[in-house]
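Peer 1: Handing you this structure, nothing more for now.
Read-outs: derived from the displayed coordinates by stated rules, not from any lab. Here the structure is a predicted model, which is why all the values come from computation and not from measurement. Methodologically, a virtual Cβ is constructed for each residue, glycine included, from the backbone with ideal geometry; neighbour enumeration extends over all protein chains shown.
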Amino acid sequence: MQAGTLRHYVTIEHLTGSTPDGFGNVRKTWTAFYSNVPAEITPATSKEIWAGTQEKTSNTHVVVIRYGSGIDTTMRVVYGSRIFTINGILNKDERNIELTLLCREEVQ
């Protein structure tokens, strides 16, 4: 992993609670798990998008970060006003050096 490719700064958030809003919806509360994380965000290739559709999800972006323990698929990545749901996590060579997050950008 080259540091120069990690030019985006993201926040990894985890769900800390949810409360009903009185109208039948649930309001989710997200809290920062890791802040100011250097990352590389790239659009998913057609191969990655096709693989994602086989699992009933569509991966739209790939986010690469340095390894951080505790990150899982219940979390999300926030980059500015953009939100990415984590669909899958790859720990390259199982060496705990970098994580590749297969994500889907949420439409707001």
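Peer 1: Calculated FRET efficiency, Val107 and His14, Cβ-Cβ r, R0 25 Å, to nearest 0.05?
Peer 2: Once rounded, the FRET efficiency stands at 0.70.
Peer 1: Follow-up question, since we're still on this one. Compute the semi-axes of the equivalent ellipsoid of the chain, taking the square root of 5 times each eigenvalue of the Cα gyration tensor, and list them largest first in whole Å.
Peer 2: 24, 17, 13
Peer 1: Compute the longest continuous run of the chain that contains no exposed chymotrypsin sites (Phe, Trp or Tyr not before Pro); treat a site as exposed when its DSSP state is not H, G, I, E or B and it has at most 15 other Cβ atoms within 10 Å.
Peer 2: 24-66
Peer 1: With a 10 Å Cβ neighbour count serving as the proxy for reagent exposure, in which order, fewest first, do Leu102, Leu6, Leu90 appear?
Peer 2: Listing Leu102, Leu6, Leu90 from fewest to most nearby Cβ atoms yields Leu90, Leu6, Leu102.
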